[in-house]
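As structure tokens, the structure follows; a few thoughts come after it.
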Amino acid sequence: IQWTEGRGWHDAQLQPYAPLQMDPANMTLHYAQSIFEGLKAYRQPDDSVAVFRPDANARRFQRSARRLAMPELPVETFIEACDLLVRQDKEWVPSEGEASLYLRPFMFASEVGLGVRPADQYTFMVIASPAGSYFTGGVQPVSVWLSEEYVRASPGGTGEAKCAGNYAASLVAQAEAAAQGCDQVVWLDAVERRYIEEMGGMNLYFVYGEGENARIVTPELTGTLLPGITRDSLLRIAADMGYATEEARITTDEWRQGNADGSITEVFACGTAAVITPVGEAKSARGEWRVGDGGAGEITMKLREALLAVQTGQAEDAHGWMHPLGS
Ligand code: PMP
């Protein structure tokens, strides 16, 4: 779908996947007016297909657009585009377990020019790719590197938006994490470099205590981390399961101390791609420590199963999160 200043959205088309032709002076290539979303279509027990909370992705896409001075795509148009694509690609929606068809809606400037200003033309597209189970051979805890040198987002910046530039800025820190022998980077706040923000492409959760008395805490949305839809859903699912939940600021010292004295029993990351990933080890320039017993925590796995059961249609959709598509 195209957007042109003075004309609005026009020329919606369904086309076979193919390379795009681009002018070398396309403004996106130079000034990165580019935003995206990620969501998954799951095969349901009755063989229909449903997508998890596409309205939430559509609204976040609008917020990202506003931050990047781009036009807002109506929520219905976003969902309709996903619907058309799923209908076309229905046979590609896998039927086994947590496998899915991943949908990637995105928008970029399509004006040609070298002036630095918001473009007057944009292109919105959705592509799809089958996604297998994220973990083959059981859920594996990840190790994380707490980056004190690089920051992903500062107050007033684009951290809350899902824009391409945030990911470009994160690559060097991800490489640093790998050089430190870790799987993922964990971002700290830009001002004091001590509050936990989020992981490379997932939000974080900390479990304090055990069993029914566990308290489940996630870093609060300060404007510099991505408001994950999985994060939001888990706040509600954890409350449904009877756990106390909280959004709060957590420092690296609190994390490390909490694992040392046993008050933090589990840590996990959550996002569309892996749903929930346990964190087994953490490392920073000041040392490394094990999270709980280093394995996948009990509450982590309970929450993972509960969310996946809703997504794959195995459990009742109490919040009306599943949106039938492609029928
Ligand atoms: N943080 C970042 C930086 C991400 O890229 C993602 C993935 N979209 C998330 C968190 C998790 O968000 P969601 O649950 O909406 O996938």
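Residues to consider are Leu103, Leu39, Leu73, Leu84; find the one that is away from the ligand (no atom under 16 Å from the Cβ), out of contact with any Phe, Trp or Tyr (no Cβ under 6 Å at 6 or more places or on another chain), of a type outside the set (S, T, N, Q) and modelled with pLDDT of 95 or more. It would help to see each step written out before you state the result.
Details: Leu103 fails: away from the ligand (no atom under 16 Å from the Cβ); Leu39 fails: away from the ligand (no atom under 16 Å from the Cβ); Leu73 fails: out of contact with any Phe, Trp or Tyr (no Cβ under 6 Å at 6 or more places or on another chain).
That would be Leu84, the only listed residue that is away from the ligand (no atom under 16 Å from the Cβ), out of contact with any Phe, Trp or Tyr (no Cβ under 6 Å at 6 or more places or on another chain), of a type outside the set (S, T, N, Q) and modelled with pLDDT of 95 or more.
Any idea which of Glu192, Glu197 is within 11 Å of the ligand (Cβ to nearest atom) and acidic (Asp, Glu)?
Of Glu192, Glu197, the one residue that is within 11 Å of the ligand (Cβ to nearest atom) and acidic (Asp, Glu) is Glu197.
From the residues in the range 122-142 that are over 18 Å from the mean Cα position of the chain (by Cα) and surrounded by fewer than 20 Cβ atoms within 10 Å (Cβ to Cβ), which one is farthest from Phe268 (Cα to Cα)?
Thr123
Condition check ((1) under 25 Å from Pro155 (Cβ atoms); (2) within 16 Å of the ligand (Cβ to nearest atom); (3) at pLDDT 95 or above; (4) touching a Cys at 6+ places or on another chain (Cβ under 9 Å)) across all residues:
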position: Ala179; (1), (2), (3), (4): no, no, yes, no
position: Met202; (1), (2), (3), (4): yes, yes, yes, yes
position: Leu225; (1), (2), (3), (4): yes, yes, yes, no
position: Gly228; (1), (2), (3), (4): yes, yes, yes, yes
position: Leu234; (1), (2), (3), (4): no, yes, yes, yes
position: Met241; (1), (2), (3), (4): no, no, yes, no
position: Glu246; (1), (2), (3), (4): yes, no, yes, no
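How many residues does the range 135-153 contain that are away from the ligand (no atom under 15 Å from the Cβ), of a type in the set (S, T, N, Q) and either under 17 Å from Leu204 (Cα atoms) or touching a residue at least 60 places away in the same chain (Cβ under 8 Å) (or both)?
Qualifying residue count, the range 135-153: 2.
Every residue in the range 52-70 that is part of a loop (DSSP other than H, G, I, E, B) and within 12 Å of the ligand (Cβ to nearest atom), please.
Of everything in the range 52-70, just one residue is part of a loop (DSSP other than H, G, I, E, B) and within 12 Å of the ligand (Cβ to nearest atom), namely Arg53.
Can you say whether Pro227 is out of contact with any strand residue (DSSP E or B) (no Cβ under 6 Å at 6 or more places or on another chain) and either more than 14 Å from Ser284 (Cβ to Cβ) or among the hydrophobic types (A, V, I, L, M, F, W, C) (or both), as far as the supplied structure shows?
So Pro227 passes the test.
From Pro19, Pro54, grab the single residue that is without any contact (Cβ under 8 Å) to a residue 12 or more places away in the chain and not assigned by TED's automatic domain parsing to the domain that holds Met202.
Within the list Pro19, Pro54, the selection yields Pro19.
Give the residues of the range 199-216 that are in a loop (DSSP other than H, G, I, E, B) and under 20 Å from Gly271 (Cα atoms), sorted by residue number. Full working, then the answer.
Of the residues in the range 199-216, the ones in a loop (DSSP other than H, G, I, E, B) are 200-202, 209-210, 214.
Gly200, Gly201, Met202, listed by residue number.
Taking into account only those residues within the range 204-223 that are away from the ligand (no atom under 16 Å from the Cβ) and at positive phi, which is modelled with the lowest pLDDT?
Among them, the one singled out is Gly211.
The values are calculated or read from the model by the stated rules, or taken from the named source; none is laboratory data. The model shown is predicted, which means the values in this text are computed figures rather than measured ones. No Cβ is skipped: glycine too gets one built from the backbone with ideal geometry, and neighbour counts run over all protein chains shown.
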